[in-house]
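Step one of this worksheet: look at the structure below.
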Amino acid sequence: MKLRIGCIPGDGIGPEIIRETGKVLERVADKYGHKLEYTEILMGGASIDVHGVPLTEEAIAAAKVSEAILMGSIGGDPATSPWYRLEPKRRPEAGLLRLRKELNLFANLRPAVLYPQLAGACPLKEEISSRGFDILIVRELTGGLYFGERKTIEENGRLKAIDTLTYTEDEIRRIAVKAFEVAMKRKKKVTSVDKANVLDSSRLWRKVTQEVASSYPEVELEHMLVDNCAMQLVKDPAQFDVILTENMFGDILSDEASMVTGSIGMLASASLNDSRFGLYEPSHGSAPDIAGKDMANPIATLLSAAMMLRYSFDLKQEAEDVERAVHAVLDKKYRTVDIMSEGCTPVGCSEMGSLLAAEI
């Protein structure tokens with residue numbers, strides 16, 4: 001099988017973690033008889049340096065003919081990088097926002113997994129962390145409060161800010177379908193999070209989600225108010241499988257869930273459209289302070305690649321091989337600096353990539 005992958009190395013540690021992920025993917029391809037076909041795409045600061053803009057039309061065209069996009073991190077240090085002296089629409093992150101829009105990437109998938117080997121890094125009580133958890137937050141990415149009409153006006157001599165939260169039933173239905181489809185490949189439980197006791201948009205969210213659930217009788221659906229969900233994530237995260245929610249709630253809850261795991265260097269993400277196409281990237285930033293020092297943790301990017309194999313190419317066994325490799329290396333107590341603990345062996349980014357590839 002030929003896998004046509006658009007590759008965005010990005011900025012900071014991006015090229016390093018993409019390189020190490022490539023080592024593992026090559027081993028997977030060799031093992032299963034696949035052919036990897038990469039097209040390198042410039043975006044973010046790397047594109048600004050060459051083209052003066054964070055994303056070119058040519059880059060968008062290259063992304064659109066790929067079957068999936070694998071991305072490192074983009075951006076730099078806003079305090080020191082010349083990229084952040086540019087107007088906002090020409091800064092690195094503007095390229096990512098435009099690419100999401102051009103590719104209609106409306107569904108963001110953010111796993112929050114507590115690996116038993118890293119349970120000591122979890123900030124929760126041991127009686128909670130000892131149970132472990134494997135959560136997938138499915139967040140609507142292109143609607144809601146962040147994309148609604150907004151303005152600041154003067155009224156009766158005082159400034160007044162207005163932000164509009166809007167969702168259509170079609171926007172809700174397509175993200176709900178995505179969540180239920182994902183749940184069918186997991187533990188078959190969806191927790192739909194809203195604020196239906198207050199917001200009309202949430203009441204519509206709950207109504208449409210319930211309608212979608214009728215097409216997936218094997219999946220258990222529960223509704224939960226967002227404030228309760230925030231509490232339950234620290235009280236009993238093991239109760240969750242797939243959490244489905246709107247844009248702003250998902251933004252907040254996914255960050256909370258990531259911190260409960262204890263290490264952002266282990267967190268993957270995917271942004272999907274209504275086909276099998278997706279953009280896959282680590283949840284962490286570009287860490288310019290450690291770029292080029294062989295200190296970065298490539299595991300989040302590798303786990304994002306595993307999601308790519310599973311969701312864009314429907315290669316479940318290959319994805320599981322990658323995930324098993326991560327467990328195997330952690331079992332052998334190899335650690336990059338961000339997840340280092342007493343009794344473990346410190347390794348750099350390059351060595352970690354080689355160790356992971358050797359487990360395939």
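Derivation of every value follows stated rules applied to the coordinates shown; laboratory data play no part. The structure displayed is predicted, hence computed values, not measured ones. Methodologically, a virtual Cβ is constructed for each residue, glycine included, from the backbone with ideal geometry; neighbour enumeration extends over all protein chains shown.
Modelled label positions at Glu222 and Arg158, each set 7 Å beyond Cα in the direction of Cβ, lie 4.2 nm from each other. Of all complete DSSP H helices in the chain, those with a Cα span along the helix axis of 15 Å or greater and a mean Kyte-Doolittle hydropathy of 0.0 or more are 169-184, 247-261, 299-311. The chain: D in µm²/s via Stokes-Einstein (Kirkwood Rh, Cα pairs, 10 °C, 1.306 mPa s)? Calculated translational D: 75 µm²/s. Please name which of Leu86, Ser271, Leu303 has its Cα lying farthest along the dipole of the chain towards the positive end, using unit charges on Cβ (Lys, Arg +1; Asp, Glu -1) and the Cα centre as origin. Going by the charge dipole, the pick is Ser271. Put a dot 7 Å past the Cα of Arg186, heading toward its Cβ, do the same for Asp49, and the two dots end up 3.7 nm apart.
Based on DSSP H segments of at least four residues, each scored -39500 (n - 2.57), the chain has a per-residue ellipticity at 222 nm of -12500 deg cm²/dmol.
With a Förster radius of 56 Å applied to the beta-carbon distance between Glu58 and Lys235, the computed FRET efficiency rounds to 0.70.
Under a Cβ-Cβ cut-off of 10 Å, what is the net charge of the residues other than Arg310 that fall near it, where Lys and Arg count +1 and Asp and Glu count -1? Working shown, then result.
Numbers: positive: Lys185, Lys316; negative: Asp314, Glu318, Glu320, Glu323.
Neighbour charge sum, excluding Arg310 itself: -2.
Values of log10 I(q)/I(0) for region 123-261 across q = 0.11, 0.17 Å⁻¹ run -0.44, -0.90, by the Debye formula with one identical scatterer at each alpha carbon and no solvent. I want to make sure I understand the PRE zone here: with the label point 7 angstrom from the Cα of Arg90 toward its beta carbon, which residues in region 37-52 have backbone N atoms less than 14 Å away? What the label zone holds, given the 14 Å backbone N cut-off, is 45, 47-52.
Which value in Å is the Kirkwood Rh of region 252-360 over different Cα pairs? Write out the running numbers ahead of the final one.
Working: mean 1/r = 0.0681 Å⁻¹.
Roughly 14.7 Å, rounded to one decimal.
Looking at this model, which pairs from Lys64/Lys178; Lys64/Lys185; Lys23/Lys101; Lys23/Lys293 are more than 25 angstrom apart at the alpha-carbon? As for pairs spanning more than 25 Å Cα to Cα, those are Lys64/Lys185; Lys23/Lys101. Taking label points 7 Å from Cα along the Cα-to-Cβ direction, Asn197 and Leu97 give a separation of 3.4 nm. For the chain, modelled as a Gaussian network with Cα springs under 10 Å, which listed residue fluctuates most, Met295, Met184, Met307? The residue with the greatest mean-square fluctuation here is Met184. Among Ser275, Ser263, Ser341, the largest mean-square fluctuation in a Gaussian network model of the chain (Cα springs under 10 Å) belongs to Ser275.
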